[in-house]
Amino acid sequence: MMLLPYFRVATLIFFILVCGVCFCQSGSSGQKEPVVPLPEPRLSGGLSVEAAFNQRRSVRQYSNDALNLTQIGQLCWSAQGVTKKIEKPFWLPEGREWIGGLKTAPSAGALYPLEIYLVIGNADNLSAGLYRYLPAKHALKTIHTTDLRKPLSEAALDQGFLTQAGVVMVITGIYERTAVKYGDRAGRYVHMEVGAVCQNVALQCESLGLSTVVVGAFDDDQISQVLKLPGNEHPLAILPLGKKQ
Ligand SMILES: Cc1cc2nc3c(=O)[nH]c(=O)nc-3n(C[C@H](O)[C@H](O)[C@H](O)COP(=O)(O)O)c2cc1C
């Protein structure tokens, strides 16, 4: 009888611990893993860069096949993966988070103004929803788990093929990251960088047997609303990623 209160306290502590672990794993989004690690990118492939140039074409008809995490990881890495670790450059402002190195695409002053979002509709082992690529971790941060392809396509002047591709990449830019060093030239630098990233992704698609098209025709405010972007972050390009139909 004397042991009963201790047993109750132990049960209560056990219950609290189990609940705590479950909450940490599910996060507030209800997703099992708020941060999804991606498979290591491969550093060689079967297609030469010249063959990729030669066969790249804009595609506007996709099968809704699921992409797997290996393909998704490779595409994110081609866009903004960290390829060479270096110390934080001294000109980066105080408090500016450093991603740990240089990336697959060049960036004026290594200031990296671009962010990569994935609107997932159909992927293996990944719920439909909105994710942000974390270059330093080579992982995806879950933002929420609602398929946004339809509202995204509506915000892109109803370009319906954005609802067909299993995954849609949205590239955004934060101009002030570049403006701290380059002032008025920041706009042009950020736009040059988006072009480089789009071409990396297009050529990586070719090498993976996938297709894309650079979509620049969209309503900026509507896209910002769909993705709930902060005021200083602007949508710059959209790339459907999928198998050609
Ligand atoms: C900055 C930019 C914006 C574009 N915007 C769109 C678009 O909104 N919708 C679309 O279907 N294609 C878009 N395209 C794709 C072009 O139409 C395509 O690249 C062009 O027709 C040449 O074909 P190719 O890419 O197969 O060589 C865009 C391309 C670029 C570079």
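Within region 59-112, the residues that satisfy the criterion of being at pLDDT 95 or above, among the basic types (K, R) and in contact with a helix residue (DSSP H, G or I) (Cβ under 8 Å, 6 or more places away or on another chain) are R60, K103.
Look at region 35-60: where a residue is of a type outside the set (D, E, K, R) and open to solvent by less than 90 Å² (accessible area, probe 1.4 Å) and a partner is part of a loop (DSSP other than H, G, I, E, B) and within 16 Å of the ligand (Cβ to nearest atom), sitting 6+ places away or on another chain with Cβ atoms under 6 Å, you get S58/V213; V59/V213. So for region 85-105 (the condition being in contact with a Leu (Cβ under 9 Å, 6 or more places away or on another chain), under 21 Å from I143 (Cβ atoms) and open to solvent by 30 Å² or more (accessible area, probe 1.4 Å)), does at least one residue qualify? Yes, there is a match, as at least one residue in region 85-105 is in contact with a Leu (Cβ under 9 Å, 6 or more places away or on another chain), under 21 Å from I143 (Cβ atoms) and open to solvent by 30 Å² or more (accessible area, probe 1.4 Å). In region 178-196, the residue that is nearest to E50 (Cα to Cα) out of those that are within 15 Å of the ligand (Cβ to nearest atom) and open to solvent by 60 Å² or more (accessible area, probe 1.4 Å) is M192. Set side by side, the residues A156, A165 differ, and just one is within 17 Å of N64 (Cβ to Cβ) and touching a strand residue (DSSP E or B) at 6+ places or on another chain (Cβ under 6 Å), which is A165. Taken as a whole, the condition of being more than 13 Å from the chain's Cα centre (by Cα), under 19 Å from T212 (Cα atoms) and open to solvent by less than 10 Å² (accessible area, probe 1.4 Å) does not apply to L118. Filtering region 135-155 to residues that are surrounded by fewer than 21 Cβ atoms within 10 Å (Cβ to Cβ), away from the ligand (no atom under 14 Å from the Cβ) and either in a helix (DSSP H, G or I) or over 18 Å from the mean Cα position of the chain (by Cα) (or both) leaves K150, P151. Looking only at region 156-177, which residues are open to solvent by 10 Å² or more (accessible area, probe 1.4 Å) and within 12 Å of the ligand (Cβ to nearest atom)? Hits for region 156-177 are L157, D158, Q159, G160, F161.
Output the residues belonging to region 206-245 that are outside any helix (DSSP H, G or I), more than 16 Å from the ligand (Cβ to nearest atom) and farther than 11 Å from R60 by Cα. I'd like the intermediate steps shown before the answer.
At the first step, the residues of region 206-245 found to be outside any helix (DSSP H, G or I) are 209-219, 228-245.
Remaining after also requiring more than 16 Å from the ligand (Cβ to nearest atom): 209, 228-233, 243.
If the condition is that a residue be outside any helix (DSSP H, G or I), more than 16 Å from the ligand (Cβ to nearest atom) and farther than 11 Å from R60 by Cα, then G209, K228, L229, P230, G231, N232, E233 are the ones that fit.
Looking at Q199, Q204, which is the one that is touching a helix residue (DSSP H, G or I) at 6+ places or on another chain (Cβ under 9 Å), open to solvent by 10 Å² or more (accessible area, probe 1.4 Å), modelled with pLDDT of 95 or more and not hydroxyl-bearing (S, T, Y)?
Q204
Hey, any hits in region 152-168 for a residue that's of a type outside the set (D, E) and without any contact (Cβ under 8 Å) to a residue 40 or more places away in the chain?
We begin by selecting, within region 152-168, every residue of a type outside the set (D, E); these are 152-153, 155-157, 159-168.
Within this subset, residues satisfying the condition of being without any contact (Cβ under 8 Å) to a residue 40 or more places away in the chain are 153, 160.
Within region 152-168 (the criterion being of a type outside the set (D, E) and without any contact (Cβ under 8 Å) to a residue 40 or more places away in the chain), the answer is yes, since at least one residue qualifies.
The values are calculated or read from the model by the stated rules, or taken from the named source; none is laboratory data. As the structure is a prediction and not an experimental result, all values here were calculated from the model. Glycine also receives a Cβ, built like all others from the backbone with ideal geometry; neighbour counts cover every protein chain displayed. Each accessible area value is taken on the protein alone, full model and side chains, heavy atoms only, with ligands, DNA and RNA left out. Shrake-Rupley method; radii C 1.70, N 1.55, O 1.52, S 1.80 Å.
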